[in-house]
Amino acid sequence: MSAAGTRPAGPLRRAALRLLRVLGLPVLLVLGWWIYSVAEPTFYLPTPGRVAGAFTEVWFSARITEDVLPSVGRLLTGYALAGLLGVGLGVAIGSSRALRAAAEPVLEFFRAVPPPVLVPLITLLAGLDTTMKVLVIVSGCVWPVLLNTVEGVRAVDEVLADTGRCFGLRGPARLRHLVLPAASPQIMAGLRQALSIGIILMVIGEMFASTSGIGHTVVLFQRGFAIPEMWSGIVVLGLLGFGFSLAFRAAERRILAWHLARGEERGRHA
Amino acid sequence: MLEITGLGKTYEGRGGVEALRKIDFRVDGGDLVCVVGPSGCGKTTLLKCVAGLLTPTAGEVRVAGRRVTGPPPGMAVVFQEYGRSLFPWMTVRKNVELPLREKKVPAPRRRELVEEALAAVGLADAAAAHPWQLSGGMQQRVAIARAIAYEPRVLLMDEPFAAVDAQTRAELEDLLLTLWRRLGVTTLLVTHDIDEAVYLGRRVIVLSSAPTVVQEDLAVDLPAARDQITTRSAPRFAELRAHVYAQIKQAKGRAAGDRTAGDRAAEESAPPRQVPSPAPRDLKRKTDGRTR
């Protein structure tokens, strides 16, 4: 108990330092923006205060259910479909040498096509509704997942695969206990790339031809010269992307716990 | 229990590399047989053919009378590369348990087998750890525990102690003997270490250089109870070792003219033995021409 008097200062100070490190740069940036926008007032760069005002006004309203949630819903649907498709096809292609030889050049080609150019095409094929926007997201997200899964499955350690064969590991059990965990670091890398692509395509799909969604709203404000409101839409997208990336990191830390810890262990011995 | 007849393996490719020419021997139920041969003689190829991981190009392997076409049930394998044969995303317990799950052993019995096996290799406390948190010797103990928990009829070991240091190696050798004596499991162990082959084996199969045939099938007439100190210093042990060594030297001399790239690669990848050994073993190592 004797140390109790001096102890709390330590953790408290450490927490304060941490907070400063995390928030320091963002606060400085906003401050810089503020000073610039006050010192040199232009129509197109409102002060952070005005953007914040517009933010609460615009987004804490029915827009949450009419624009934000549909956007997020389409993103998650498209992302999940792309994930399933990418991992499913990736496992099949990665496990078969013949399939790989046949499919790889084609896959590389499709990956090289910038997904936004598919928007007009998909609009023609699938119309202007939700299906189109989800398909746009799938068409962009699937490639990094697919190619990374192929790579991960192909690189399953030979000794590990032999061990699995000797102990009768086959079929779904082999997939679950050997192939997918072994490929999981690469699969997660693919999913991470796919997430940022997905957010970009969500917005592009909505900007093209749409009646709802965050991207649609931003374009609408821009055309109506509602500049602070437009900026607030950009902030919403930024926050959304940041939130998704935090959630992804948390999921990754759980799924790849063994991989990350092993990496640290090796680092310590090296 | 294990019959190998006319076994040959030629790898396809430019011209084809004949690794095994004609291998014949059998292992009786409950026996412990060591296979030893010069570097690059196809020991691992032989073991993989027996395990059903490679398809031989001639002859056949039979386990308990049944011809091997794929990994046969009731056979467990311990590989040299413990770091690559344990599943890093599973705990030690899960690693040992997984094959039992696939074998459809009921859960209570599974728990029993896992606990017994881990206790038998002295790792009862490490069940919740991940393999990469353990030392090399402990990881290989996990692999051995996994093999014995499986209750195999035949245990195959591919240079199981080649990648651990000398002291750990001696411990693991004695562990293997203890387990073998207790379980009576038919064991085939491949090694490049002549001492180890003589120390562990009831019989030693000496292979020739590639293309490989059985050069000698030698019964080891040492007392059944073996001990690192007394057995290794027994005159009979020295005689047997010298005999096997002479056989291998002869096999090497015969093949010295036509060494292949495969031989050299195998020699270069031979793992180092880190702990200094006493004089007699040093002497032996200098003369037996292993590249370290």
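Here are a few things to note about the model shown:
- Note on chain A: with a GNM built from Cα contacts shorter than 10 Å, the maximum mean-square fluctuation among A:LEU12, A:LEU25, A:LEU99 falls on A:LEU12.
- q = 0.08 Å⁻¹: log10 I(q)/I(0) that the Debye formula gives for chain A, counting C-alpha atoms only: -0.50
- HN-Hα J in Hz across segment B:199-209 - Karplus 6.51, -1.76, 1.60, θ = phi - 60°, x for Gly and Pro: 5, 8, x, 7, 9, 10, 9, 9, 9, 8, 6
- Counting heavy atoms of the protein chains alone, A:ASP162 has an accessible area of about 20 Å² for a 1.4 Å probe.
- Only protein heavy atoms count here; under a 1.4 Å probe, A:THR42 has an accessible surface of about 70 Å².
- Shown in residue order for segment A:184-193 are the 3J(HN,Hα) couplings computed by the Karplus curve 6.51 cos²θ - 1.76 cosθ + 1.60 at θ = phi - 60°: 4, x, 6, 4, 5, 4, x, 5, 5, 4 Hz (x for Gly and Pro).
- One Cα centroid belongs to segment B:177-241, the other to segment A:167-231; the line between them spans 61 Å.
- Projected-area mean, the protein assembly as shown, by convex hull of Cα positions, square nanometres: 38.1
- FRET efficiency estimate (nearest 0.05) - Cβ-Cβ, A:LEU175 to B:ASP227, R0 60 angstrom: 0.80
- The loop-placed chymotrypsin sites (Phe, Trp or Tyr not before Pro) in segment A:167-225, going by DSSP, that have at most 13 neighbouring Cβ atoms within 10 Å of their Cβ come out as A:PHE225.
- Amide hydrogen neighbours beyond the local backbone of A:LEU169, cut-off 5 Å, H modeled: none
- Percent of alpha-carbon pairs separated by more than 36 Å within chain B: 14
- Taking the alpha carbon gyration tensor of segment B:1-84, multiplying each eigenvalue by 5 and rooting it gives semi-axes of 20, 16, 13 Å, largest first.
- Expressed as a whole percent, the accessible surface of the protein assembly as shown that belongs to carbon and sulfur atoms is 62, based on a 1.4 Å probe.
- Interface burial for B against A (accessible surface, 1.4 Å probe, total of both chains, Å², rounded to 100): 2200
- Solvent-accessible area per residue, Å², over chain A with all protein chains present [probe radius 1.4 Å]: 57
- Vicinal HN-Hα couplings computed from phi for segment A:140-154 (Karplus, 6.51 cos²θ - 1.76 cosθ + 1.60; Hz; Gly/Pro x): x, 6, 5, 5, x, 5, 4, 5, 5, 5, 4, 4, x, 5, 5
- Nonlocal amide H pairs with B:VAL35, under 5 Å, H built at 1.01 Å: B:LEU189, B:VAL190, B:THR191, B:ILE205
The values are calculated or read from the model by the stated rules, or taken from the named source; none is laboratory data. Treat the numbers as computed from the prediction; the structure is a model and nothing was measured. Positions of Cβ are backbone-derived with ideal geometry, glycine not excepted, and every protein chain shown enters the neighbour counts. With ligands, DNA and RNA removed, areas are computed over all heavy atoms of the protein, side chains included. Shrake-Rupley method; radii C 1.70, N 1.55, O 1.52, S 1.80 Å.
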